[in-house]
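One structure below.
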Amino acid sequence: MKRNENIDSRKGLIRSLNRRGSSSDKSPPVAKKLAPPKEPTVCDRCGAVYTRKTWRQSHRITGDFLKAVNWGVCPACQQARDTEYYGRLILKGAGDIPANTLDAIRRRINNVAARASYTQPERRVVSVDAARGDIEVLTTSQKLAHRIAHEIVKAFGGSAKYTWSHDDRSLFATWRP
């Protein structure tokens, strides 16, 4: 019995060392296009701070820190400026929804986006447009579009349909009441 436990533990070790087929770079697609900025860098537009290879909003800025800082533009601000998105959510039939519910939906979108950008400033809403009775929400990441659709289904009912594109790594989601 002791011998089998030893073999099983070694197999687990061997499997954990095998990284074939997995990627170690979990950065968003827009960040992969650009060269990483020098550390520390502060975004001119939103104030996000780049340290330890990540962008964060909740970084404490002191006088000494400002002396050594580089100024630049974070990937999320660059995506918003270029209207580049990786998540697209269409709210179908929004023209038939009462005005107060429509305002609640917009507030929910803003709240989910604010919560996401607090911990990960690279996840933002690029635009919210209303056209022909539908609302289109464009986001900088797949995950944020998925999260917004999930929260709208949870709060207002209806159903959401998700379609992932593996070519450009984007998400197309549709919500119907």
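Select from the stretch 47-76 the residues that are more than 16 Å from the chain's Cα centre (by Cα), part of a loop (DSSP other than H, G, I, E, B) and either surrounded by 12 or more Cβ atoms within 10 Å (Cβ to Cβ) or of a type in the set (D, E, K, R) (or both) and list them in ascending order. Once the filter is applied, which keeps residues that are more than 16 Å from the chain's Cα centre (by Cα), part of a loop (DSSP other than H, G, I, E, B) and either surrounded by 12 or more Cβ atoms within 10 Å (Cβ to Cβ) or of a type in the set (D, E, K, R) (or both), the stretch 47-76 yields GLY47, ARG52, LYS53, HIS59, ARG60, ILE61, VAL69, VAL73.
Scanning the stretch 97-115 for residues that are under 22 Å from the mean Cα position of the chain (by Cα) and more than 19 Å from THR174 (Cα to Cα) yields ASN111, ALA114, ARG115.
Examine the stretch 97-114 for a residue that is surrounded by 13 or more Cβ atoms within 10 Å (Cβ to Cβ) and assigned to a strand (DSSP E or B), and state whether such a residue exists. Checking the stretch 97-114: not a single residue is surrounded by 13 or more Cβ atoms within 10 Å (Cβ to Cβ) and assigned to a strand (DSSP E or B). Does the stretch 77-96 contain at least one residue that is within 24 Å of the chain's Cα centre (by Cα), among the charged types (D, E, K, R), within 27 Å of ALA155 (Cβ to Cβ) and assigned to a helix (DSSP H, G or I)? Scanning the stretch 77-96, I find no residue that is within 24 Å of the chain's Cα centre (by Cα), among the charged types (D, E, K, R), within 27 Å of ALA155 (Cβ to Cβ) and assigned to a helix (DSSP H, G or I), so the answer is no. With a requirement of 1 or more residues that are touching a Gly at 6+ places or on another chain (Cβ under 8 Å) and either surrounded by fewer than 19 Cβ atoms within 10 Å (Cβ to Cβ) or not polar (S, T, N, Q) (or both), the strands (runs of 3 or more DSSP E) lying completely within the stretch 117-177 that satisfy it span 134-139, 170-176. Scanning the stretch 42-65 for residues that are over 22 Å from VAL126 (Cα atoms) and touching a residue at least 24 places away in the same chain (Cβ under 8 Å) turns up just one, PHE65. Considering the stretch 149-162, and only residues there that are farther than 21 Å from GLY133 by Cβ and of a type outside the set (Phe, Trp, Tyr), the residue that is farthest from the chain's Cα centre (by Cα) turns out to be LYS154.
What do you reckon, is ARG88 in contact with a helix residue (DSSP H, G or I) (Cβ under 7 Å, 6 or more places away or on another chain), closer than 13 Å to THR174 by Cα, among the basic types (Lys, Arg) and free of Cβ contacts under 8 Å to residues at least 40 places away in the same chain? Taking the combined requirement at face value, the residue does not satisfy it.
No lab work stands behind these numbers, since they all come straight from the coordinates. Every value quoted in this text rests on a predicted model; they were computed, and no experiment measured them. All Cβ positions, even for glycine, are placed from backbone atoms using ideal geometry, and neighbour counts span all protein chains on display.
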